[in-house]
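Data first, discussion second: the structure below is written as C-alpha cells.
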Amino acid sequence: YGKSGVLASLVTILAVIAIIPYLALQLRAIALSTSVIMEQSSHIHTTTNSVLLLTSVLAILAMIFGTRQIANTEQHGGLMLAVAFESFVKLFALLCVPLFFIFESPA
C-alpha cells in the first residue's frame, strides 16, 4: 500500500473484521465434527476442551508450516499449499456426496 501506514492499518483492520464470520464458521464445523465423532454420552466441557485442543493444534501447525519467518515481502508457500489442499479435499467431498446419492438411490 505504498508508503501510507494509515491505509495499510485500515486495510488490515477491515480484513480482520471481514474474516471473523469465516473463522466462526470453521470453529463451528470443527465443533460439530468433534461432537459427531465423540461418544454421545460425553459432557459438554469434554467436547469444548477437545475443540479448543484441536483448534490450537491447527493454529500451531499453520504457524509452523506456513509462517517460518515474518516479512511483509515474503510469500508463504507452505500455508498456501495447505489451503489449496484443504480446498481440493472439500471440492472432492462436495462431488462425492451427490454422486453417491445419485448412484445409490433406489430408482
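The values are calculated or read from the model by the stated rules, or taken from the named source; none is laboratory data. Remember, predicted model here, so these are calculated numbers, not experimental data. Side chains are part of the model used for accessible areas, which takes the heavy atoms of the whole protein and leaves out ligands, DNA and RNA. Shrake-Rupley method; radii C 1.70, N 1.55, O 1.52, S 1.80 Å.
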Residue count, the stretch 81-104 (criterion: within 12 Å of the chain's Cα centre (by Cα) and either at pLDDT below 85 or among the small types (Gly, Ala, Ser) (or both)): 5
The listed residue being open to solvent by 80 Å² or more (accessible area, probe 1.4 Å), among the hydrophobic types (A, V, I, L, M, F, W, C) and modelled with pLDDT under 75, out of ILE20, ILE13, ILE44: ILE44
